[in-house]
Amino acid sequence: MSEIEAHITGTVWKIEVKPGDSIEEGDTVVILESMKMEMPVEAEDDGVVKEIKCAEGQSVHEGDVLVVLE
């Protein structure tokens, strides 16, 4: 299993995946909004989305787990 973490503090603007989706390294999984800029969070590994640990509109901090892959 691997975890995809927020690389900045911000607000979850959009979740691009759902549980069961197959993703590849480099795919955008979540878009964060910080300082009026949209910042994509990309997968660092291939995998299948097991769990989404955030919600659109939620504030997150750098290092928070957003998505769990299996």
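Taken together, the values in this text are just the output of simple stated rules run on the coordinates, not laboratory data. From a predicted model like this one, the values you see are computed outputs, not experimental measurements. Positions of Cβ are generated from backbone atoms using ideal geometry, with glycine treated the same way; all protein chains shown enter the neighbour counts.
Once label points are set 7 Å from the Cα along Cα→Cβ at both LYS50 and MET35, what is their separation, rounded to one decimal in nm? Taking the two extended label points, one gets 3.4 nm. Straight-line reach from LYS53: which lysines have a Cα under 20 Å away, not including same-chain ones fewer than 8 places off? Hits, sequence-local ones excluded: LYS14, LYS18. Can you tell me what percent of all Cα-Cα pairs in the chain are more than 13 Å apart? The share of Cα pairs beyond 13 Å in the chain comes to 56 percent. Taking a Cβ cut-off of under 13 Å around ASP21, the surrounding Lys, Arg, Asp and Glu residues balance to a net charge of -4, with basic ones at +1 and acidic ones at -1. Each Lys or Arg adds one and each Asp or Glu takes one away; over the other residues whose Cβ falls under 9 Å from the Cβ of MET1, this sums to -1. Computed over the chain, relative contact order equals 45 percent, with contacts defined as Cα pairs under 8 Å that lie 6+ residues apart. Each Lys or Arg adds one and each Asp or Glu subtracts one; over the other residues with Cβ under 13 Å from the Cβ of ASP64, this totals -2.
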